[in-house]
């Protein structure tokens, strides 16, 4: 919804945003930026790299499984999962990575996981030590 500016306001388009019955008027450009932020892909495959932009891998997400499969379909024998922006990971995601690792192994491919210490500790507890190459990297917000 576009609202005309009141007297004394700069000439610009404004948007009315209603959340939980509360009305807020924002500049339309701010509203558009917010919409664009919400559409950022959480899992991006670039060549032989899977970049995870989600900080908390806690809810089951079919898109992550799809991105892992897409990663293995790419050219090359070595693949990297960049989890440098991840703070929390659950067993669901560890399981998906385990299946991806086994699929890669069957096809003679190698997986490297880059993640902060806290995330790699979960991999170690899950028994990945010595199976998947793990590279410790600092946490990178908005990876």
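Side notes on the structure shown:
- A count restricted to segment 86-121 and to residues that are surrounded by 19 or more Cβ atoms within 10 Å (Cβ to Cβ) and not in a helix (DSSP H, G or I) stands at 6.
- Total residues in segment 123-143 satisfying the condition of being modelled with pLDDT under 95 and under 19 Å from the mean Cα position of the chain (by Cα): the figure is 5.
- Test: residue 76 is part of a loop (DSSP other than H, G, I, E, B), surrounded by fewer than 12 Cβ atoms within 10 Å (Cβ to Cβ) and assigned by TED's automatic domain parsing to the domain that holds residue 52: yes
- Some residue of segment 97-106 being modelled with pLDDT of 95 or more and within 20 Å of residue 140 (Cβ to Cβ): yes
- Residue satisfying condition, being over 21 Å from residue 135 (Cβ atoms), touching a strand residue (DSSP E or B) at 6+ places or on another chain (Cβ under 8 Å) and in contact (Cβ under 8 Å) with a residue 12 or more places away in the chain, within set 63, 69: 63
The values are calculated or read from the model by the stated rules, or taken from the named source; none is laboratory data. Keep in mind that what you see is a predicted model, and the values were worked out from it rather than measured. Positions of Cβ are backbone-derived with ideal geometry, glycine not excepted, and every protein chain shown enters the neighbour counts.
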